[in-house]
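Down below is the structure, laid out as structure tokens.
The values are calculated or read from the model by the stated rules, or taken from the named source; none is laboratory data. All of these numbers come straight from a predicted model, not from anything done at the bench. Neighbour counts are summed over all protein chains in view; Cβ atoms, including those assigned to glycine, are modelled from backbone coordinates with ideal geometry. Calculation scope for accessible area: heavy atoms of the full protein, side chains included, ligands and nucleic acids excluded. Shrake-Rupley method; radii C 1.70, N 1.55, O 1.52, S 1.80 Å.
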Amino acid sequence: MPNVKERLFEAAERVLEREGPAGLTNRAVTEEAGCAKGLLYSHFTDLDDFVTQLVLTRFHRVAEDLAPLPARAGTGEVVANLTHAARTLLGSNGPALTVAALSRPAVATRIRAHWSADNPAERLIADYLAAEQRLGRLPATTDCPVLALAVVATTHHLLMTATTPVPTQHALLARLVTALL
């Protein structure tokens with residue numbers, strides 16, 4: 001079966017959206033993917049490993065989406081560029097994935113350990129801000145790593161609470177970026 005891991009990941013996202021983290025079981029995922037029930041365990045050690053890899057894979061995609069950000073320095077408005085980056089961090093399925101990760105302590109621990117060494121989104125945003133600073137579009141006194149942390153941390157807060165509708169989250173992020181800059 002080609003691309004079986006991605007097929008399982010996509011199935012898991014549909015299950016999460018429909019049933020929440022309590023519905024995320026091996027059986028639910030494999031039935032949704034239309035494959036044998038043991039297939040998940042052929043590629044992952046257990047359900048926690050599967051959810052960890054799902055979250056890390058999706059976060060990697062977000063980081064890929066943010067990768068061009070530092071090269072945008074000097075183009076557009078800084079507030080608009082940073083607001084767009086924050087919205088990208090939310091992603092379309094971010095809240096569901098975050099709840100799944102937080103509802104499984106072993107998954108949360110594994111993800112925290114993985115991200116403790118490097119948070120690519122935070123680094124890319126800090127790099128973008130530093131590039132804008134070098135161009136004189138941000139004051140020399142701007143603490144770019146702390147500003148990046150504030151944007152990423154706020155986005156993570158919105159993902160973890162996940163009670164605010166997405167348009168409201170986007171508006172909050174725009175207000176945050178405007179206030180910080």
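Note on THR57 and ARG137: the model spin-label points, each 7 Å out from Cα along the C-beta direction, lie 3.5 nm apart. Calculated on C-alpha atoms, the gyration radius of the stretch 53-162 divided by its Kirkwood radius gives an Rg/Rh of 1.00.
Per residue, the accessible area of the stretch 1-145 comes to 50 Å², computed with a 1.4 Å probe over protein heavy atoms only. Of the peptides 127-137, 15-25, the order by per-residue mean of other Cβ atoms within 10 Å, starting with the highest, comes out as 127-137, 15-25. Only protein heavy atoms count here; under a 1.4 Å probe, PHE59 has an accessible surface of about 30 Å². Across the chain, the mean sequence separation of Cα contacts (distance under 8 Å, 6 or more residues apart), normalised by length, yields a relative contact order of 24 percent.
Surface calculation, 1.4 Å probe, protein heavy atoms: ASP49 sits at approximately 30 Å² accessible.
Full extension of the segment from ASP46 to GLU17, taken as 0.36 nm per residue of separation minus the current Cα-Cα distance, would add 8.3 nm.
Report the net charge of residues surrounding CYS144, where surrounding means a beta-carbon distance below 14 angstrom and charges are Lys +1, Arg +1, Asp -1, Glu -1. So the surrounding residues net to -1.
Full extension of the chain between LEU172 and TRP115 gives 18.0 nm of extra length, using 0.36 nm per residue less the Cα-Cα distance. Assuming charge only on the beta carbon of Lys and Arg (+1) and of Asp and Glu (-1), the dipole of the chain about its Cα centre is about 100 debye to the nearest 20.
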